[in-house]
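Structure record follows, encoded as structure tokens.
The values are calculated or read from the model by the stated rules, or taken from the named source; none is laboratory data. Given the structure is predicted, the values throughout are model-derived calculations rather than measurements. Cβ placement follows ideal geometry from the backbone for every residue including glycine, while neighbour counts extend to all protein chains displayed.
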Amino acid sequence: MCGIVAYIGRKPARELLIEGLRRLEYRGYDSAGIAVLDGGLTVVRAVGRVSALSDRLDKQTDFDGTLGIAHTRWATHGTVTEANAHPHRDDKAGICLVHNGIIENYTTLKRLLEDRGHRFVTETDTEVLAMLIGELYEGDLEAAVQGALREVTGAYAIAVICEREPDTLVVARKGSPLMVGVGKDEYIVASDPSAIVAHTTRAFPLEDYNVVRLRRDGIRTSTIDNTPVTPKMMQLELDLEQAELGQFQHFMQKEIFEQPAALRNTIRGRITPHGDSIVLGGLTRYSKELVRARRMILTAQGTALHAAMIGEYLLEDLARIPTEVEYASEFRYRNPIIEDGTVVIAVSQSGETADTLAALAEAKDRGALALGVVNAVGSTMSRETDAGVYLRVGPEIGVASTKAFTGQVMVLALLSLYLARRRHMSRERCEWMLAELASVPDKMERVLEQADHVREVTLKYVERENWLFLGRGYNYPTALEGALKLKEISYIHAEGMPAAEMKHGPIALIDDGMPAVFIATKGSQYDKVINNIEEVRSRGGHVIAVATEGDTEIAQHARDVLYIPDIAEPLSPILAVVPLQLMAYEAAVARGHDVDRPRNLAKSVTVE
Ligand code: F6R
């Protein structure tokens, strides 16, 4: 999604901003732009990659300056054109700004501003904000920004400069992340810490309705009503190496292969030395309320929702707590029932997904205890939940979520066992489950050793435009996730569903040679899955099965088999999803797609 970088200090802003934009490229965008203040304002924009913008800048040698703003745009209002790319300017006061988010009342504001003689040159909602700030400007940029933001509804993270104030940068936020990195006589502001850490690890996040005025000699933080605010400083922990590719071709590939190490981190210190109990430090304060919970609602979007669906099976099966899963985008507008004893758990990699944040706020307003299962440390969600458990899988750069998914399932398994043991589960059963859980990273390494075989199998089917992914029980959500992975990076149409659902309509799709991926691991519904496989086979479908090592029967039913080690059924999705991630990756590479920058997608969806 859109990215912001802004700088005020003593170094040339131009290179620094471009380098910052490069660090944000992984988030997905379609155009980019930069504005630097150096006596006058220079604005350069380009459709396409940051490299296209950089090429244009190289041709322009006549500007320098130590104050500037930059942006990568992911189109929401207005098509992908140079005119619609940020930064945008007003037509009166020399205002220039970049914006993430959506100004919802922009048509009303636009009409008002047009009546006052302003002429718009773009199709964007952002230009309206630039004009509004210009309209209110009376020699004080901070006051004009505060005044304008009191008029707008919607979501924003903005960075604003003004030709008439060459020593001031003003930034603000509501509902879209923004962070100020504090260096020596310099500040670098960004929507994602990855653009800050190369310069400083001291930073503070803006809270909703915060406005920060930055000058080289100091900053002032207030609300849009001009009430002073004391920022909460934090130490950024991002390791820049984690954001480098190393020996891998793509971040997605790197992240698939680093899952065993990532999951070792997720578990580390969370299982007691005797292996009979679980420690989740973040939940200690609410332990009693959690153990007595009457109902859980897990809310998320996309891949995180698939992890939450596995969480539903885990919480009901192991902890025996009635659990539901709901798309955050539906939950937030649905007038949901939150009774006494309801715990709402938001599941998210970024901790910034707009719909999940809104669902969380809705749940809190209605009195639910709100937990987060989140990866990004210090993200809005991690600050706004009552308590939570971090995934600890490290930054996920690939747009297609992989290690965050397995991390989310792992944390939900830990949480389920934490509650199960405190509610009713015997010590022996818990010990056995924990031993199984601890064996996941080693077993996953064995799955990854078969990456070449997964490639060979994938290449047999890569020309096919329609695929099915089918599973039952714990591996029904795994099927959904397999289909989503394939769609989003290879652009092959894929549908995931419970294997039994196929007979209720989708079976009509099966024609000669259609690839059907079955998760057919040993477990309570194995025989039923075999029946479903036969239904596909008898109609000409080509079955690819993900099966358990040592299963000698499956090869008679499937054309191709991808084996995973045996593991307790509730944990099987964590292993079974890995060959599906690899398949999606190999299919995208074979089709020549940009795996880390799939078309139309953004890494974190910060608008609804
Ligand atoms: C798919 C993917 C998305 C995200 C979804 C939620 O590979 O990454 O479906 O899972 O946008 O994002 P988070 O987890 O950041 O809330």
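A few points about this structure:
- Search result, residues across segment 164-189 that are outside any strand (DSSP E or B) and more than 22 Å from G218 (Cβ to Cβ): S176, P177
- None of R455, R422, R392 is of a type outside the set (A, V, I, L, M, F, W, C) and on the phi > 0 side of the Ramachandran plot except R392.
- Qualifying residue in segment 40-54 (condition: in contact with a strand residue (DSSP E or B) (Cβ under 8 Å, 6 or more places away or on another chain), in a loop (DSSP other than H, G, I, E, B) and among the β-branched types (V, I, T)): no
- Only one of the numbered conditions (1) under 18 Å from Q259 (Cβ atoms); (2) part of a helix (DSSP H, G or I); (3) not polar (S, T, N, Q) is violated by E535, and that is (1).
- The residue pairs whose first member lies in segment 60-79 and is closer than 15 Å to S604 by Cα, whose second member is among the hydroxyl-bearing types (S, T, Y) and in a loop (DSSP other than H, G, I, E, B), and whose beta carbons are closer than 7 Å, counting only pairs six or more residues apart or on different chains, are T72/Y29; R73/Y29; W74/Y29.
- Each residue in segment 474-505 was checked for being part of a helix (DSSP H, G or I) and of a type in the set (F, W, Y), and 2 pass.
- Every listed requirement among (1) within 14 Å of the ligand (Cβ to nearest atom); (2) part of a loop (DSSP other than H, G, I, E, B); (3) of a type in the set (G, A, S) is met by S382 save one, (2).
- Some residue of segment 248-261 being over 30 Å from L24 (Cβ atoms), more than 16 Å from the ligand (Cβ to nearest atom) and surrounded by fewer than 14 Cβ atoms within 10 Å (Cβ to Cβ): no
- Residue that is part of a helix (DSSP H, G or I), away from the ligand (no atom under 16 Å from the Cβ) and small (G, A, S), where the choices are A516, A555, A545, A584: A555
- Condition check for K364 on (1) within 16 Å of the ligand (Cβ to nearest atom); (2) in contact with a strand residue (DSSP E or B) (Cβ under 7 Å, 6 or more places away or on another chain); (3) more than 24 Å from Q581 (Cβ to Cβ): one failure, at (1).
- Taking segment 367-379 as the range and being modelled with pLDDT of 95 or more and within 13 Å of the ligand (Cβ to nearest atom) as the test, the residues that pass are G372, V373, V374, N375.
- Selected residue (criterion: nearest to the ligand (Cβ to nearest atom)) from residues of segment 296-334 that are closer than 15 Å to E362 by Cβ and of a type in the set (K, R): R332
- All conditions but one from (1) within 16 Å of the ligand (Cβ to nearest atom); (2) of a type in the set (V, I, T); (3) under 17 Å from A547 (Cα atoms) apply to I489; the one that does not is (3).
- When V517 is tested against the conditions (1) farther than 15 Å from V543 by Cα; (2) touching a Phe, Trp or Tyr at 6+ places or on another chain (Cβ under 6 Å), the lone failure is (1).
- Filter pass, T266 being within 15 Å of A413 (Cα to Cα), in contact (Cβ under 8 Å) with a residue 24 or more places away in the chain and β-branched (V, I, T): yes
- Matching entry among A308, A361, A346, A376 (being surrounded by 23 or more Cβ atoms within 10 Å (Cβ to Cβ), part of a helix (DSSP H, G or I) and in contact (Cβ under 8 Å) with a residue 12 or more places away in the chain): A308
- Residues satisfying the stated conditions in segment 492-501, i.e. more than 14 Å from the ligand (Cβ to nearest atom), among the hydrophobic types (A, V, I, L, M, F, W, C) and within 26 Å of A400 (Cα to Cα): I492, M497, A499
- T606 meets all of the listed conditions (1) crowded, with 21+ Cβ neighbours inside 10 Å; (2) assigned by TED's automatic domain parsing to the domain that holds R537 but one, namely (2).
- Some residue of segment 391-414 being crowded, with 21+ Cβ neighbours inside 10 Å, of a type outside the set (D, E), away from the ligand (no atom under 16 Å from the Cβ) and within 28 Å of L315 (Cα to Cα): yes
- The one condition from (1) buried (at least 24 other Cβ atoms within 10 Å of the Cβ); (2) on the phi > 0 side of the Ramachandran plot that G139 does not meet is (1).
- Lone qualifier among I102, I69 - being within 15 Å of I34 (Cα to Cα), in the same structural domain as P12 (by TED's automatic domain parsing), in contact with a Phe, Trp or Tyr (Cβ under 9 Å, 6 or more places away or on another chain) and surrounded by 14 or more Cβ atoms within 10 Å (Cβ to Cβ): I69
- Residue list for segment 298-357, restricted to those being touching a Pro at 6+ places or on another chain (Cβ under 8 Å) and among the aromatic types (F, W, Y): Y313
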